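Every number here is computed from the coordinates shown, using simple stated rules; none is lab data. What you see is a predicted model; the values in this text were computed from it and never measured. Neighbour counts run over all protein chains shown; Cβ positions are idealised from the backbone, glycine included.
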Amino acid sequence: MSGRADERVNVGDLVTRAREGEPRAVARLISMVENASPQLREVMAALTPYAGNATVIGLTGSPGVGKSTTTSALLTAYRGLGKRVGVLAIDPSSPFTGGALLGDRVRMQEHATDPGVYIRSMGTRGHLGGLSWSTPQALRVLDAAGCDIVIVETVGVGQAEVEIASLADSTVVLLAPGMGDGIQAAKAGILEIADVYVVNKADRDGADHTIRDLRQMMSSVESRSPEAWQPPIVKTIASRSEGVADLVEALDKHREWLVASGRLAARRQDRAADEIESLAVTALRAQMGDLRDATLLSDLAARVVAGETDPYAAADDLLAAVAKDPAPKA
């Protein structure tokens, strides 16, 4: 980690500047998240009172369906409505630096100088599910900084994309003609996570066939109750911004349903519970790593191999040791 990353900063001042729309302050806060800054607890405590207002839209789908182009088209549409928009574009990580391989300014150049837009590329750093481990907290930064809309564009890892559904208020699943997406959509819960389906590149041959396949697969899953949300299918040509207004309308209708049904509050509570659990498990693993260095874990493993104890009893002993000697708070 660089020396600058280790410097203590005035978190209150940084948060104030971020809320005033200063890109450098937003960038610094997200860097503190990604680098697991020793001041991260202080940052999250300062941001939390201002968060909870942004609409979070997740975009997922197989590589090549046009996620970045669709994200850019949505940016244009929401900016036309006067909305401040943040984008977290999750990219593959460099095996050397851990950073994102694709640059945020390269992907959406036309929005790079718009003061009402903040775009950040984040590397997965080995995390499965198409997201970065730090995505929920980076999202909180953009939310607290005053973004009305936050779009999270996943890396595009196919069947592992279901994680985005636990993070977004509305999840958009993109498909494209001739890419085998019909088969992919039936696997690993992809059908179940979509709040809106988009068949992009709809000017290509096979678009109508893709829609028919999708409708057939939707009808084959367990029937939804009449009051449940019925995911619409939207045709777009994102490169020409065609159909994007229909997508925005579908997302608006889904948000209205979420609010009216009480599901928005429930989804956000589930999201907070997932984040708390993830932080707790991460801290517990770190503490167990310390115990591994202290040989306790190795000793317990040796006893299990020798038949002197069983894995459940050994796990109880390990947890008891963690509880007795917890790691100090950052």
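The overall shape of the range 24-93, judged from the alpha-carbon gyration tensor, is oblate: a/c is not under 1.5, and a/b is no greater than b/c.
Take each of the peptides 194-202, 225-233, average the number of other beta-carbon atoms within 10 Å over its residues, and list them starting from the highest.
194-202, 225-233
Counted residue by residue at 0.36 nm each, then reduced by the alpha carbon distance between them, the extension gain from Glu242 to Asp203 reaches 13.0 nm.
Each residue, Val304 and Glu110, gets one label point 7 Å from its Cα in the Cβ direction; the gap between the two is 5.6 nm.
What number comes out for the charge environment of Ile237, summing +1 per Lys or Arg and -1 per Asp or Glu over other residues with Cβ under 12 Å away? Summing Lys and Arg as +1 and Asp and Glu as -1 gives +1.
Could you let me know the centre-to-centre spacing of the range 4-39 and the range 53-77, using Cα atoms, in angstrom? Centre-to-centre distance over Cα atoms comes out at 26 Å. If the chain linking Glu227 and Leu279 were pulled fully straight, counting 0.36 nm for each residue of separation and taking away their Cα-Cα distance, it would gain 15.2 nm.
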